[in-house]
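Contents: one structure, followed by commentary.
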Amino acid sequence: MSLMNRGPAIPFGMLLVATMPLLLAQPAIAAPPPESSVVVHLAELQIDPAHLEEYKALLREEIAASIRIEPGVLTLDAVAVKDHPNQLRIFEIYRDQAAYQAHLRSPHFLRYKAATQQMVQSLHLLETEPVILGQR
């Protein structure tokens, strides 16, 4: 079909006015908590290389459970230092101090801590003050 046989053209302005209610009626997204109330930590871990794969499997399970079960756990991201796969960093964001404390008492976190205790050679937890937390 050619463009000439499509019928009357709709001016762009009318199209914009007609679709504006659809654009404005998008589902509401819950507002993130104020940056002043969130708890942000950066955990620096050194894992025994002989147990690295086992540790990562346990960490994967713990992060998945925390995100799925705990509404106060906003972010748990684990990365390895480039060229040092047994040096891990975990970026953690909790809704507030109460959510962080609840996470520490959760059954899945306690199981993870018990199971990985001998695998972790060192752990340093950096407490931070949020400056700007970007979200999509």
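The values are calculated or read from the model by the stated rules, or taken from the named source; none is laboratory data. Only a predicted model underlies this, so the values are computations on that prediction, with no experimental measurement involved. So basically every Cβ, Gly included, is an ideal-geometry build from the backbone, and we count neighbours across all protein chains shown.
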Neighbours by Cβ (under 8 Å, 6+ apart or cross-chain): first from the stretch 49-68, closer than 16 Å to Ala80 by Cα; second surrounded by 14 or more Cβ atoms within 10 Å (Cβ to Cβ) and aromatic (Phe, Trp, Tyr): Leu58/Tyr112; Leu59/Tyr112
Residue within the stretch 13-36 that is in a loop (DSSP other than H, G, I, E, B) and either touching an Asp or Glu at 6+ places or on another chain (Cβ under 8 Å) or at pLDDT 95 or above (or both) present: yes
Condition met for His103 (over 13 Å from the mean Cα position of the chain (by Cα), at pLDDT 95 or above and within 15 Å of Glu127 (Cβ to Cβ)): yes
Residue count for the stretch 74-110, restricted to those that are surrounded by 15 or more Cβ atoms within 10 Å (Cβ to Cβ) and not in a strand (DSSP E or B): 9
Qualifying residue in the stretch 54-72 (condition: surrounded by 10 or more Cβ atoms within 10 Å (Cβ to Cβ), modelled with pLDDT under 55 and aliphatic (A, V, I, L, M)): no
